[in-house]
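The values are calculated or read from the model by the stated rules, or taken from the named source; none is laboratory data. Everything numeric here is computed off the predicted structure, so don't read it as measured data. No Cβ is skipped: glycine too gets one built from the backbone with ideal geometry, and neighbour counts run over all protein chains shown.
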Amino acid sequence: MTLLLRRDLIRALLAAGIGGLGAKLSSAAHDGNSAIRVGAQTNTWGAPIKGYDHLLQILDELVQLGYTGFETNYMSLDPESSDAANCRRAFESRHIQFVAPHGNISFLQSDPADDQIATVKRIAGYTAAMGATHFIASGRFPRKPSEQQMEMSAMADLMNRAGETCKTEGLKFCYHNHVHEMQGTPPELDSMLQATDPALVWLNYDIGNAYPVGPNPAEFSAQHYRRIAIYHIKDVKAGPTGGKNVPTDLGAGSIDIPGVIAPLKKNHWHGWLVVERESNYPKSADNPEALLKQCREYLRRTCGV
């Protein structure tokens, strides 16, 4: 069946509620009593998504695969910023929650904080109008000898300001980790969490980005789940000769995914598990649907979510 035909069929089923499918998906996407919800990052199809119609096709695929929410690079929707209301209607008609745009903040001394907060406010404003509930930001750290990193107090102030800005728009601000923040003893991420206001700054914990640098993901999850609003769920294998980790199917790599999720189930955690199944990033994987199908089935079968 072609992508277009599948998309039309899905939309018809959701509109008609045939066999209760529409009602079930709507309930899964919007039921506040469902503690753990499962979404997907659209970057399995590349980042950013090129073309709004392509994004809508991807959302139809995600619904068919059993995902109830999505995260996407903010640039996927930036061209639609003036048409936020129609975007929201399009997402809601598919019974899929817009979880978060993914943007950036810079911890370089040369990047003015006021300019960054203005950018956060702009993106948070139109994505909230599109129905988003969170705002995810990755940090930029020095990559050249000429670049200087902010002091922790300035980094914390920037994140708190971003959190306050997002809160004003009705969004939770979530900081996303890479390798840098997991280095050191204790990891720099611990210092970031201690220095920021827990009412303003949450964590989007990527369980595979830094592995095996930093704490064991299951142990980190058990310690910090109260501060984590969104998990990025992925699995990785060690790269050749100690090189960069290689993404793989869930359960086929080195991450103890059931161990990461166990404290969430035990403690009735409310939030999003967002599957980030990268392959050929930032280009599209060869078969995104098959990769994300395996991930969704693994989470149901092995983790009960």
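Being at pLDDT below 95 and among the small types (Gly, Ala, Ser) is the filter here; which residues of segment 209-228 pass it?
210, 214
Cβ-Cβ below 9 Å, separation at least six or inter-chain, first residue in segment 91-113 and within 19 Å of residue 80 (Cα to Cα), second in a loop (DSSP other than H, G, I, E, B) and hydroxyl-bearing (Ser, Thr, Tyr): which pairs?
What qualifies is 96/67; 96/68; 97/68; 97/133; 98/133; 99/133; 100/133.
Give the residues of segment 94-126 that are among the β-branched types (Val, Ile, Thr) and either surrounded by fewer than 16 Cβ atoms within 10 Å (Cβ to Cβ) or over 18 Å from residue 58 (Cα atoms) (or both), sorted by residue number.
Matches in segment 94-126: 105, 117, 119, 120, 123.
Only one residue in 175, 225 is aromatic (Phe, Trp, Tyr), touching a Pro at 6+ places or on another chain (Cβ under 6 Å) and in contact (Cβ under 8 Å) with a residue 24 or more places away in the chain. Which one?
225
Mind listing whichever residues of segment 287-305 are in a helix (DSSP H, G or I), in contact with a strand residue (DSSP E or B) (Cβ under 7 Å, 6 or more places away or on another chain) and within 17 Å of residue 271 (Cβ to Cβ)?
299
Can you pull out the strands (runs of 3 or more DSSP E) entirely within segment 171-275 that have at least 3 residues that are under 25 Å from residue 108 (Cα atoms) and of a type outside the set (Ser, Thr, Tyr)?
Once the strands (runs of 3 or more DSSP E) in segment 171-275 are filtered for at least 3 residues that are under 25 Å from residue 108 (Cα atoms) and of a type outside the set (Ser, Thr, Tyr), what remains is 172-176, 201-206.
Yes/no per residue for (1) modelled with pLDDT of 95 or more; (2) touching a Ser or Thr at 6+ places or on another chain (Cβ under 8 Å):
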position: 257; (1), (2): yes, yes
position: 266; (1), (2): yes, no
position: 274; (1), (2): yes, no
position: 277; (1), (2): yes, yes
position: 280; (1), (2): no, no
position: 284; (1), (2): yes, yes
position: 290; (1), (2): yes, no
position: 295; (1), (2): yes, no
position: 304; (1), (2): yes, no
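Can you name the residue in segment 127-170 that is assigned to a loop (DSSP other than H, G, I, E, B) and under 21 Å from the mean Cα position of the chain (by Cα) and, of all such residues, is surrounded by the most Cβ atoms within 10 Å (Cβ to Cβ)?
Once the filter is applied, the top-ranked residue is 132.
Listed residues 66, 51; which is surrounded by fewer than 18 Cβ atoms within 10 Å (Cβ to Cβ), under 18 Å from the mean Cα position of the chain (by Cα), among the small types (Gly, Ala, Ser) and at pLDDT 95 or above?
Values: 51 fails: under 18 Å from the mean Cα position of the chain (by Cα).
From the options 66, 51, the qualifying one is 66.
Is it true that some residue in segment 108-125 is assigned to a strand (DSSP E or B) and not hydroxyl-bearing (Ser, Thr, Tyr)?
yes
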